[in-house]
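All remarks here apply to the structure that follows.
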Amino acid sequence: MNGNHEIYMRKAFALAEKAFESGEVPIGAVIVNKDKIIGKGFNQTESLTDATAHAEMIAITAASSSIDDWRLDECILYVTKEPCAMCAGAIINARLKQVVFGCYDQDKGFCGSLYQICGDRRIGNPIPVRGGVMEMECAGILSEFFKKKRSKS
């Protein structure tokens, strides 16, 4: 495994932990350009009461603001869970260079599990996707979160 992938996934995982502590679904994301993090985010749908406040969306907005350009074609997104359809669409629109994610999402994953939007040539240039980086840790924090949430109800 590429050592950098794990380094940056650990940074995204730290943001997932922050989301967990905030009562949000624990997903974190960082965007890297030339070995520098230029954008980061974690799920904030509950705190912002915004269905679009996913980790990836927040990280894309932050990265675009950081480099003053919506085109992130030299950047890699690291996210702890496979992106949903909305986030995969934003990834394509931002023209990211690559997506690296932690755990697969068999129910709502659109970067390989249910569908591979980023690889669909009909939408534009395919974006390489790599899943399974720190998969056990990323899946584990999600399981722990939902187990804790169910025990409270």
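The values are calculated or read from the model by the stated rules, or taken from the named source; none is laboratory data. All values reported here derive from a predicted model rather than from experimental measurement. Here the Cβ positions follow ideal geometry from the backbone for every residue, glycine too, while neighbour counts run over all protein chains shown. SASA here: full protein model, heavy atoms, side chains in, ligands and nucleic acids out. Shrake-Rupley method; radii C 1.70, N 1.55, O 1.52, S 1.80 Å.
One line per residue, one yes/no per condition, for (1) open to solvent by less than 40 Å² (accessible area, probe 1.4 Å); (2) more than 18 Å from ASP73 (Cα to Cα); (3) of a type in the set (Ser, Thr, Tyr); (4) in a helix (DSSP H, G or I):
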| residue | (1), (2), (3), (4) |
| --- | --- |
| GLN106 | no, yes, no, no |
| GLY109 | yes, yes, no, no |
| LEU114 | no, yes, no, no |
| ILE123 | no, no, no, no |
| ILE127 | yes, no, no, no |
| GLU137 | no, yes, no, yes |
| LEU142 | yes, yes, no, yes |
| LYS148 | no, yes, no, yes |
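Exactly one residue among ASN43, ASN33 is touching a Cys at 6+ places or on another chain (Cβ under 6 Å) and either open to solvent by 60 Å² or more (accessible area, probe 1.4 Å) or not aliphatic (A, V, I, L, M) (or both), and that residue is ASN33. Screening ALA59 with (1) open to solvent by less than 60 Å² (accessible area, probe 1.4 Å); (2) part of a strand (DSSP E or B) gives one miss only, at (2).
The C-beta contact set for the stretch 3-30 (first residue open to solvent by 50 Å² or more (accessible area, probe 1.4 Å), second residue assigned to a helix (DSSP H, G or I), distance under 9 angstrom, 6+ apart or interchain) comprises ARG10/GLU137; GLU17/ILE141.
The selection criterion, being over 21 Å from ALA139 (Cβ atoms) and at pLDDT 95 or above, does not hold for GLY109.
Filtered by the rule that a residue be under 15 Å from CYS103 (Cβ atoms) and in contact with an Asp or Glu (Cβ under 7 Å, 6 or more places away or on another chain), the stretch 46-76 gives no residues. The C-beta contact set for the stretch 64-93 (first residue within 15 Å of HIS54 (Cβ to Cβ), second residue open to solvent by less than 10 Å² (accessible area, probe 1.4 Å) and part of a loop (DSSP other than H, G, I, E, B), distance under 6 angstrom, 6+ apart or interchain) comprises LEU77/LEU96; GLU82/GLY109. Taking the criterion of being touching a strand residue (DSSP E or B) at 6+ places or on another chain (Cβ under 8 Å) and open to solvent by 20 Å² or more (accessible area, probe 1.4 Å), the residues of the stretch 68-103 that qualify are GLU74, ILE76, LYS81, LYS97, GLN98.
Among the residues of the stretch 31-54, those that are touching a residue at least 12 places away in the same chain (Cβ under 8 Å) and not in a strand (DSSP E or B) comprise LYS34, ASP35, ASN43, GLN44, THR45, GLU46, SER47, THR52, HIS54.
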